[in-house]
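First the structure, in the form of structure tokens, and then the observations on it.
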Amino acid sequence: MDTQNLPVNRKQSIPVARLLDRMSEELEFEVIGGYQGIGRPVLISDVNRPGLALSGYLDYFANDRVQILGNTEIHYMEQLSSALIQRRLENMFSFEIPAFVLSRDLRPRAIFLDMCNRMGIPVLRSRRSTDEVISRIIVFLAEEFSPETIVHGTALDCYGVGCLIVGAPGVGKSETALELVERGHRLVADDVVTLRRRREDNIYAETSPVIEHHMEIRGIGIIDVKSVYGVGRVRNSKRIGMVIELEEWNATAAYDRTGLIDEYVTVLGVKIPILLIPVRPGRNIAIIVEVAALNYRLKELGVHPAQQLNQRLMNLMSDEDA
Amino acid sequence: MEGTTAESELIIVNTLGLHARPAAKLVQTALPFKSDIYIRLNSHRVNAKSIMGLLTLAAAQGSRLQVTCTGPDAEQALEAIRALVDSGFGEETWK
């Protein structure tokens with residue numbers, strides 16, 4: 001599988017409006033100031049609590065992040081004199097700030113809101129606790145900024161192992177997927193698989209919102225797996241544990257006969273085990289995928305059958321020597 | 001893949017856009033060629049030999065598709081696809 005030349009999509013920034021739009025339900029946001037700045041870009045998937053900046057220390061001020069104001073910051077601002085807070089805020093606002101988010105339904109000082117309105121820095125307010133607001137925003141931003149790509153293949157959950165089946169058009173990916181679904185496994189996506197990297201070292205396959213769980217079977221046309229097999233045979237996302245590459249049987253190619261060496265492929269910078277499976281008429285690929293998935297689970301549990309057999313053989317031979 | 005690369009921008013001219021039937025025609029046209037054929041719309045890139053892939057593009061009339069063929073018959077593949085797309089897939093085209 002050619003994974004080096006996949007076009008990778010990664011957002012450089014998202015407007016504050018998207019944060020508001022997507023998180024409104026979860027965090028019950030209301031905009032209490034700086035409406036005109038709602039298009040400001042958020043460039044970094046992290047938040048900052050600007051306590052030190054409010055106290056006047058602006059070296060290393062992480063201004064490019066969403067600024068979270070909780071109890072501490074709001075009450076600290078309250079006990080400052082008007083002149084002092086104005087000066088502190090002016091210094092702070094000389095930096096480019098995407099947005100402020102207030103937690104616990106807190107009420108900021110009028111002078112703070114006035115300045116945000118004047119500068120066009122949106123101020124969002126949530127009823128939730130500060131830690132809840134922070135963790136949800138961080139998760140949301142990480143998701144938004146995660147790199148993604150689209151591959152031509154099929155993704156399934158087979159015995160709890162996410163399998164990505166790839167191979168040339170017509171090699172039998174969809175037919176294999178159909179048989180696996182028939183045998184009780186779950187389809188994530190056929191033909192068009194969105195891969196997304198989450199939390200640095202996990203690759204998730206996702207269903208396309210346009211085609212969902214439809215698949216094309218040559219000779220029949222387009223079918224909807226969710227309608228034909230039921231909701232229990234589909235899922236919308238699954239972490240990929242291994243890649244299975246199907247290839248027309250090639251008499252001269254050397255296929256793995258022992259399973260002693262694990263091969264890997266790098267997808268979006270993450271190493272994933274890959275198996276090259278030759279296809280020829282009469283070979284039941286679905287069963288091979290099932291066995292591969294079960295063998296993968298064994299290896300995850302620390303059992304490596306090929307290595308163990310080899311070790312036993314080597315012990316036997318060294319005993320004979322003695 | 002070995003061979004040459006041929007690339008061109010094609011515009012969807014038929015009224016209904018790239019719906020299921022034109023997508024099927026496009027796949028039929030692309031399939032016989034040995035080349036890898038990819039179609040890109042904005043940042044979305046799919047294999048031209050996959051109907052479902054083409055459908056996810058949701059390419060309406062006027063969409064500009066970037067077609068890239070790589071392989072031994074890249075030029076011929078691109079010409080065949082160009083002819084099909086320019087003809088509006090045999091459907092009604094907007095005047």
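The values are calculated or read from the model by the stated rules, or taken from the named source; none is laboratory data. Source: prediction; values computed, not measured. Cβ placement follows ideal geometry from the backbone for every residue including glycine, while neighbour counts extend to all protein chains displayed.
Would it be correct to say that A:V101 is closer than 28 Å to A:E26 by Cβ, among the β-branched types (V, I, T) and crowded, with 21+ Cβ neighbours inside 10 Å? Here the answer is yes, as A:V101 does meet what is asked.
Quick grid of which residues meet (1) over 28 Å from B:L57 (Cβ atoms); (2) among the hydroxyl-bearing types (S, T, Y); (3) surrounded by 14 or more Cβ atoms within 10 Å (Cβ to Cβ):
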residue: A:G230; (1), (2), (3): yes, no, no
residue: A:K238; (1), (2), (3): no, no, yes
residue: A:G241; (1), (2), (3): yes, no, yes
residue: A:L246; (1), (2), (3): no, no, yes
residue: A:N284; (1), (2), (3): yes, no, no
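Here B:I51, B:I12 are screened, and the one residue that is away from chain A (no Cβ under 14 Å) and under 29 Å from A:H213 (Cβ atoms) is B:I12. Take the conditions (1) within 11 Å of chain A (Cβ to nearest Cβ); (2) closer than 30 Å to A:R10 by Cβ; (3) of a type in the set (D, E, K, R); (4) more than 10 Å from the chain's Cα centre (by Cα); B:R64 misses just one of them, which is (1).
Quick check on A:R10: is it under 21 Å from the mean Cα position of the chain (by Cα), within 30 Å of A:H152 (Cβ to Cβ) and surrounded by fewer than 16 Cβ atoms within 10 Å (Cβ to Cβ)?
Values: under 21 Å from the mean Cα position of the chain (by Cα): yes; within 30 Å of A:H152 (Cβ to Cβ): yes; surrounded by fewer than 16 Cβ atoms within 10 Å (Cβ to Cβ): yes.
Judged against the criteria, A:R10 is a match.
Of all residues in segment B:29-44, those that are outside any strand (DSSP E or B), more than 11 Å from every other protein chain (Cβ to nearest Cβ) and within 12 Å of the chain's Cα centre (by Cα) total 1.
Within segment A:18-38, residues that are within 22 Å of A:R118 (Cα to Cα) and in the same structural domain as A:G120 (by TED's automatic domain parsing) reach partners that are among the small types (G, A, S) and surrounded by fewer than 17 Cβ atoms within 10 Å (Cβ to Cβ) with beta carbons closer than 7 Å, at six or more positions or on different chains, in the pairs A:G34/A:G120; A:Q36/A:G120; A:G37/A:G120; A:I38/A:A17.
Scanning segment B:1-28 for residues that are in a strand (DSSP E or B) and not polar (S, T, N, Q) yields a count of 5. Within 14 Å of chain A (Cβ to nearest Cβ) and either within 10 Å of the chain's Cα centre (by Cα) or at positive phi (or both): does that describe B:A24? So B:A24 does not fit the description; no.
When every residue of segment A:278-292 is checked against the conditions, none turns out to be over 30 Å from A:N5 (Cα atoms), away from chain B (no Cβ under 14 Å) and in contact with a Cys (Cβ under 9 Å, 6 or more places away or on another chain).
With respect to being of a type in the set (A, V, I, L, M), at pLDDT 90 or above, closer than 29 Å to A:R196 by Cβ and touching a helix residue (DSSP H, G or I) at 6+ places or on another chain (Cβ under 8 Å), A:V265 falls outside the description. Checked against the criterion of being surrounded by fewer than 22 Cβ atoms within 10 Å (Cβ to Cβ), under 17 Å from the mean Cα position of the chain (by Cα) and of a type in the set (A, V, I, L, M, F, W, C), the candidates A:I138, A:I203, A:I111, A:I134 yield just one match: A:I138.
Let's see how each residue does on (1) at pLDDT 90 or above; (2) surrounded by fewer than 20 Cβ atoms within 10 Å (Cβ to Cβ):
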position: B:G3; (1), (2): no, yes
position: B:I37; (1), (2): yes, no
position: B:N42; (1), (2): no, yes
position: B:M52; (1), (2): no, no
position: B:L78; (1), (2): yes, no
position: B:R82; (1), (2): yes, yes
position: B:V85; (1), (2): yes, no
position: B:E92; (1), (2): no, yes
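Report yes if B:A59 is of a type in the set (A, V, I, L, M, F, W, C), in contact with a strand residue (DSSP E or B) (Cβ under 8 Å, 6 or more places away or on another chain), within 17 Å of A:G167 (Cβ to Cβ) and more than 7 Å from chain A (Cβ to nearest Cβ), otherwise no. No; evaluated as a whole, the condition is false for this residue. The test for being away from chain B (no Cβ under 14 Å), surrounded by fewer than 20 Cβ atoms within 10 Å (Cβ to Cβ) and modelled with pLDDT under 90 holds for A:R198. For the residues A:V171, A:V188, the requirement of being buried (at least 20 other Cβ atoms within 10 Å of the Cβ) and within 14 Å of chain B (Cβ to nearest Cβ) singles out A:V188.
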